[in-house]
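Worksheet: the structure to be examined is printed underneath.
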Amino acid sequence: MSIAASFEIEYLQYLDESGTLLGEDAPAFARDVRALVDAYKLMCFTRVFDGKAIALQRTGKLGTYASCLGMEATYVAIGSALTEDDVFAPFYRDYGAQFQRGVKPREVLLYWGGDERGNDFSGPAHDFAWCVPIATQCLHAAGAALAFKIRKEPRVALATVGDGGTSKGDFYAAINAGGAFALPLVVVVVNNQYAISIPRAQQTAAKTLAQKGIAAGIESVQVDGNDLVAMHVALDHAIKRARHGHGASLIEAVTYRLSDHTTADDARRYRSEDEVTAAWEREPIKRLRAYLQGMNAWTDAEEKDWLAECARRVDAEIDAYLETRAPPVTAMFDHTYAELPLDLERQRADALATAKG
Amino acid sequence: MPQINLIEGITLALAHEMARDPAVVVLGEDVGVNGGVFRATVGLQQKFGAERVIDTPLDEAMIAGLAVGLAAQGMRPVAEAQFEGFMYPMIDQIASHAARMRTRTRGRLTCPAVFRAPWGGGIHAPEHHSEAIEALFTNIAGLRVVIASSPGRAYGLLLAAIRDPDPVIFFEPKRIYRQYKEDVADDGEALPLDVCFVLRDGWDVTLVTWGAQVKETLEAADALAAEGIRAEVIDVATLKPLDFDTIHESVKKTHRCVIVHEAPYTGGFGGEIAARLAEHALYDLHAPVERVAGYDVPMPLYKLEMNYLPNVARIVAAAKRALAAG
């Protein structure tokens, strides 16, 4: 017997749970205090937004909302790694990346508040909107990457997908296309351990989700998704490769969903308090704060001031959201087609007449 | 002017649009080197290169999802499913994304993609190669659904589908791909996607159909004419959005209507046309609307497929029932 092929999956971590820098080979980014503080501030902002959005839903001012609690490092790292010209294809809790791309918190709230105008957001006009059906967005990113390759544009498409999403055919189809066509594509699996109630171990017998990329023939790595430094390094490498024509990559970001799946879920039904308590020990904000404070780059006073500033900014966004009037009834018709077919003109007139009473 | 058959009309339209618009790309299984299993894309890869005539891995969901991504980023993809029976894995991407891309982003992103497939039965093909699934798509808001039934209409309607700013499902009745040739000028003239085509004038009864059944329906009109009955024949061509006015105008004249389609009877698009006749043309009708459709059974394997498909005798009988009533 001989070996036809053999593979291994590397695991990337620089900052451990306590915020200690591991090993001798720390990247320059680990010493880039300004960039780290900026990222930290965005992570805090995202968490403040998240908490207030949940509170809005609990008080009846927002529809079902998908929280990103505990995944801030993964998303903030993605947002800072992409350029404006790149295309981002998110799923539906990717706010930390999207805020950096210009999406306004009020637009996130509009979408979950039942108004399509949230998808017509202030981020890059070519970015895809939130994607609910699971993993289908991976193929949109692959299609975008194929467009860039055909037009010879130095752009990259990046999709995020959950751990549950890696069970879907669209995910495999996308990474397979990425390999087969050598596309400028990066797929980040945000492995937050749960697909609603189904734990990661029940999703697949595969030891890692990263190794699914091996079957597609693309470079694949597992990363501590709660370690901003490791996420930055992995993304920077994958995006540079893609941009320079070296093809697609898969990054499995290992993190934990500290919240319920959405505000319509109660995670206490399917996981223990002990497990969640242990997960809080590994969460990304605490560890980055400890690291920054260890370098004297962030003080308790700065922390207090910044959190107050985040609250002020988010409250202003919430006010803007709450002040946004519902769209006119005709809005549901007006963008169905570039030109309204006769049938729809009649239905539009009917809806308008009914709305006027 | 070249004499071409229906599938050559498809090839001619693809070549014309690829030459005219660099954003047009063709993707699917075996569309490149092989020129497509029916030869619809023959010669295109040699002419336009492998980057624009793309042989994909074998996954229809991938083809559809790539087309959505390409279309949203400024390309004009024409995605091929080798047979309509292989389109089911595409439906999630088509319904959840292509059809609603424009409206859910309030026009920020759009999806000008064409999803084309050989359609329908009657060629002694294996299982899953002979379906009539148009009604699955006519209930999806945001799509156009088109079926070409002649070489000239294949050319003109496909040009229109590729140029349309919204997603189009484009079916090609494979049974009549090579039925006959006609003169088709490669003049780049698109046909409208919102009208029915009146193929034959008449005043006794209106026969409404689409796809390969245009052949049997015209033959039925001939048979009726031999008995002195003048049937008007309408090829709906674009099912969605439906040009009901053309059908209604005809029924105002004939007062009788027979709808012919090879898709199953229950939930077939004939039901939509019959419902509109009931809503808007009840007092113009002198007889109940007749429907001649496929039976409510899975498409049988080919030993029985011609027994499944509507035929001239059934269409003639339905027309005579309509004429005898009222």
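Values for this structure:
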| read-out | value |
| --- | --- |
| Strands (runs of 3 or more DSSP E) wholly inside segment B:1-96 containing at least 1 residues that are closer than 28 Å to B:GLU127 by Cβ, more than 20 Å from the chain's Cα centre (by Cα) and modelled with pLDDT of 95 or more | B:53-55 |
| Filter result (exposed (fewer than 14 other Cβ atoms within 10 Å of the Cβ) and closer than 15 Å to B:THR217 by Cβ) within segment B:299-316 | B:ALA313 |
| Some residue of segment B:139-155 being without any contact (Cβ under 8 Å) to a residue 24 or more places away in the chain and within 17 Å of B:PHE269 (Cβ to Cβ) | yes |
| Unmet requirement for B:ASP296, which otherwise passes all of (1) among the acidic types (Asp, Glu); (2) crowded, with 16+ Cβ neighbours inside 10 Å; (3) assigned to a loop (DSSP other than H, G, I, E, B) | (2) |
| Strands (runs of 3 or more DSSP E) wholly inside segment B:189-279 containing at least 2 residues that are touching a residue at least 24 places away in the same chain (Cβ under 8 Å) and surrounded by fewer than 20 Cβ atoms within 10 Å (Cβ to Cβ) | B:197-200 |
| Enumeration of residues in segment A:132-169 that are buried (at least 24 other Cβ atoms within 10 Å of the Cβ), out of contact with any Leu (no Cβ under 9 Å at 6 or more places or on another chain) and facing another protein chain (nearest Cβ under 8 Å) | A:THR136 |
| Qualifying residue in segment B:125-139 (condition: of a type in the set (A, V, I, L, M, F, W, C) and within 14 Å of another protein chain (Cβ to nearest Cβ)) | no |
| Filtered residues of segment B:57-86 (kept if buried (at least 24 other Cβ atoms within 10 Å of the Cβ) and more than 7 Å from every other protein chain (Cβ to nearest Cβ)) | B:GLU60, B:ILE63, B:ALA64, B:ALA71, B:PRO77, B:VAL78, B:ALA79, B:GLU80, B:GLU84 |
| Pick from segment B:152-188, criterion farther than 21 Å from B:ALA113 by Cα and crowded, with 21+ Cβ neighbours inside 10 Å, ranking: farthest from the chain's Cα centre (by Cα) | B:VAL184 |
| Qualifying residue in segment A:43-63 (condition: buried (at least 21 other Cβ atoms within 10 Å of the Cβ), within 14 Å of chain B (Cβ to nearest Cβ) and assigned to a loop (DSSP other than H, G, I, E, B)) | no |
| Unmet criterion (only one of (1) polar (S, T, N, Q); (2) surrounded by 23 or more Cβ atoms within 10 Å (Cβ to Cβ); (3) within 14 Å of another protein chain (Cβ to nearest Cβ)) for B:SER149 | (3) |
| Scope segment A:114-129; condition at the interface with chain B (Cβ under 9 Å from one of its Cβ atoms) and not aliphatic (A, V, I, L, M); matching residues | A:GLU116, A:ARG117, A:ASN119, A:ASP120, A:PHE121, A:HIS126, A:ASP127, A:PHE128 |
| Failed condition for A:ALA210, given (1) over 15 Å from A:ARG241 (Cα atoms); (2) within 13 Å of another protein chain (Cβ to nearest Cβ); (3) of a type in the set (Gly, Ala, Ser); (4) in contact (Cβ under 8 Å) with a residue 24 or more places away in the chain | (2) |
| Candidates A:TYR111, A:TYR75, A:TYR92, A:TYR40, filtered to the one that is hydroxyl-bearing (Ser, Thr, Tyr), within 14 Å of chain B (Cβ to nearest Cβ) and either in a helix (DSSP H, G or I) or under 19 Å from B:CYS111 (Cβ atoms) (or both) | A:TYR111 |
| Given (1) in contact (Cβ under 8 Å) with a residue 24 or more places away in the chain; (2) under 16 Å from the mean Cα position of the chain (by Cα); (3) crowded, with 21+ Cβ neighbours inside 10 Å, number of the condition A:LYS104 does not satisfy | (3) |
| Among the candidates B:GLY49, B:GLY28, residue that is surrounded by fewer than 20 Cβ atoms within 10 Å (Cβ to Cβ), farther than 17 Å from A:THR136 by Cα and within 14 Å of another protein chain (Cβ to nearest Cβ) | B:GLY49 |
| Residue in segment B:87-132 that is surrounded by the most Cβ atoms within 10 Å (Cβ to Cβ), counting only those that are of a type in the set (S, T, N, Q) and touching a residue at least 24 places away in the same chain (Cβ under 8 Å) | B:GLN93 |
| Entirely in segment A:239-357, the helices (runs of 4 or more DSSP H) that have 2 or more residues that are modelled with pLDDT of 95 or more and under 23 Å from A:LEU228 (Cα atoms) | A:273-281, A:284-294, A:300-323 |
| Number of the condition not met by A:ASP343 [criteria: (1) over 27 Å from the mean Cα position of the chain (by Cα); (2) in contact (Cβ under 8 Å) with a residue 60 or more places away in the chain] | (2) |
| Among the residues listed as A:ASP32, A:ASP86, the single one being surrounded by 21 or more Cβ atoms within 10 Å (Cβ to Cβ) and farther than 23 Å from A:TRP112 by Cβ | A:ASP86 |
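For every residue, the table says whether it meets (1) in the same structural domain as B:GLY156 (by TED's automatic domain parsing); (2) closer than 21 Å to B:ILE147 by Cα; (3) in contact (Cβ under 8 Å) with a residue 40 or more places away in the chain.
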{"site": "B:ILE10", "(1), (2), (3)": "yes, yes, yes"}
{"site": "B:ARG20", "(1), (2), (3)": "yes, no, yes"}
{"site": "B:VAL26", "(1), (2), (3)": "yes, yes, yes"}
{"site": "B:VAL31", "(1), (2), (3)": "yes, yes, yes"}
{"site": "B:VAL37", "(1), (2), (3)": "yes, yes, yes"}
{"site": "B:THR41", "(1), (2), (3)": "yes, yes, no"}
{"site": "B:PHE48", "(1), (2), (3)": "yes, no, no"}
{"site": "B:ARG52", "(1), (2), (3)": "yes, no, no"}
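The values are calculated or read from the model by the stated rules, or taken from the named source; none is laboratory data. Not measured: the values here are computed from a predicted model. Every residue, glycine among them, receives a Cβ derived from its backbone with ideal geometry; neighbour counts consider all protein chains shown.
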